[in-house]
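Inspection log for the structure reproduced underneath, given as C-alpha cells.
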Amino acid sequence: MSRAERLLRLVQVLRRHRQPVSARQLADELEISIRSVYRDVQTLRAEGATIEGEPGLGYVLRPGFLLPPLMFTDEELEALLLGLRLTAVHADEALADAAAEVVAKLRAVLPKDLRVLLDETALLAGPALARPPETIELAELRRAIREQRKARIGYASDPSKPTTRVIWPLGLGFFQRARLLVAWCETREDFRAFRTDRITEWETLAARLPRSRVALLREWRARESIPEPI
C-alpha cells in the first residue's frame, strides 16, 4: 500500500467514527503499525486536518477537512487513467485533447509515488475500429446536451429519404463502430437513438428542454433496462 493510499484510508476510517478511536484499533483496521498511525496523524494535521486526541486517548477527526484533491488509491488512479486513455482513443477530437491535458495536469501535481504509478500503469485502451466520420461537430452536440437545449437536425437513416426533425438531446454514447445520440424526437413523440455519422445538419435552438434532461434520461434507461452510470 502506498503512503498516499494509507493516508486516504486513515481519513476514511476516522470519518466513520464519531467518538475517539484508539491508535491500536486504527492500526489493526489499516493493517499497519501503531508507529505508522502516529506518523500519519501528524502528516494529516500538517495538511490541515483537525484531528483531536493523543496516544493513549484515541483520535477523532472533526468535520470540515478535505483531503488534497489528488489523493487517490492505486485502483482509483488506474481507473481514472484507463478512462482517460479510452477517451483519447474513442471520443471525438476535442475530448481526446482534453483527456491528454488532464493526464498532463495529473502528472504535474501528483505526489512522486502516484506519479510513478501513473507513468507505469499497464492498463491500455484498445484501438478504435473503422468508424464512419461525422459531418457535424460533436463539440456543438455536447454543448447542446449540457445546456439542455433543443436542436433541429437533418437525418439520413436512408440516404434516399433524408428527414428534418426537432429533438431533445439527452446523452451521447461512444461505441467502437458508431456514436449514438439518445434524444426525444418530437416527430416520433418518443425516444430515439441517432447515429451521429447519419446526422447531416445540426442547429442548436434557443428553446430549452421542457423537462429535466436527467429525468428524461432516467426514464429512457428504465425503459431500455440500462443501469444508471456510476
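The values are calculated or read from the model by the stated rules, or taken from the named source; none is laboratory data. Keep in mind that this is a model prediction, so the values were computed, not measured. Methodologically, a virtual Cβ is constructed for each residue, glycine included, from the backbone with ideal geometry; neighbour enumeration extends over all protein chains shown. These area figures cover heavy atoms from the full protein model, side chains too; ligands, DNA and RNA do not enter into them. Shrake-Rupley method; radii C 1.70, N 1.55, O 1.52, S 1.80 Å.
Shown are Ser157, Ser225, whose ranking by accessible area with a 1.4 Å probe and every protein chain present, most to least, is Ser225, Ser157.
Exposure check, 1.4 Å probe, all protein chains in place: Arg107 carries approximately 100 Å² of accessible surface.
What does the C-alpha gyration tensor say about the overall shape of region 8-48? Classify as rounded when a/c is under 1.5, otherwise prolate if a/b is larger than b/c, or oblate. Taking the square roots of the gyration eigenvalues as a ≥ b ≥ c, region 8-48 is oblate.
Hey, of (1) 1.00; (2) 0.95; (3) 1.13, which did the structure itself give for Rg/Rh (Cα atoms, Kirkwood Rh) when calculated? Working out Rg/Rh (Cα atoms, Kirkwood Rh) from the coordinates points to (3). Rolling a 1.4 Å probe over the protein heavy atoms leaves Glu203 with an accessible area of roughly 90 Å². Under a 5 Å amide H cut-off, with hydrogens placed 1.01 Å from N, Ser22 pairs with Tyr59 among residues at least 5 apart or on other chains. Net charge dipole, region 23-143: roughly 300 debye, given to the nearest 20, about the Cα centre with Cβ charges of +1 for Lys and Arg and -1 for Asp and Glu. Which value, in Å³ per residue, describes the convex hull spanned by the Cα atoms of region 1-121? Output value, Cα hull per residue: 114 Å³. Ordered from largest to smallest accessible area (heavy atoms of protein chains, 1.4 Å probe), the residues Tyr59, Tyr38 come out as Tyr38, Tyr59. Working note: Karplus 6.51/-1.76/1.60 with θ = phi - 60° gives region 200-209 the couplings 8, 9, 9, 9, 6, 8, 6, 5, 8, 5 Hz, where Gly and Pro are set to x. A Cβ-based charge dipole, computed about the Cα centre of the chain with Lys and Arg at +1 and Asp and Glu at -1, lands at about 620 debye. Accessible surface ranking for Leu124, Leu14, 1.4 angstrom probe, highest first: Leu124, Leu14.
Applying the Karplus relation 6.51 cos²θ - 1.76 cosθ + 1.60 with θ = phi - 60° to region 168-185 yields 3J(HN,Hα) values of 10, x, 10, x, 10, x, 9, 10, 5, 9, 6, 10, 10, 9, 8, 8, 8, 9 Hz, where x marks Gly and Pro.
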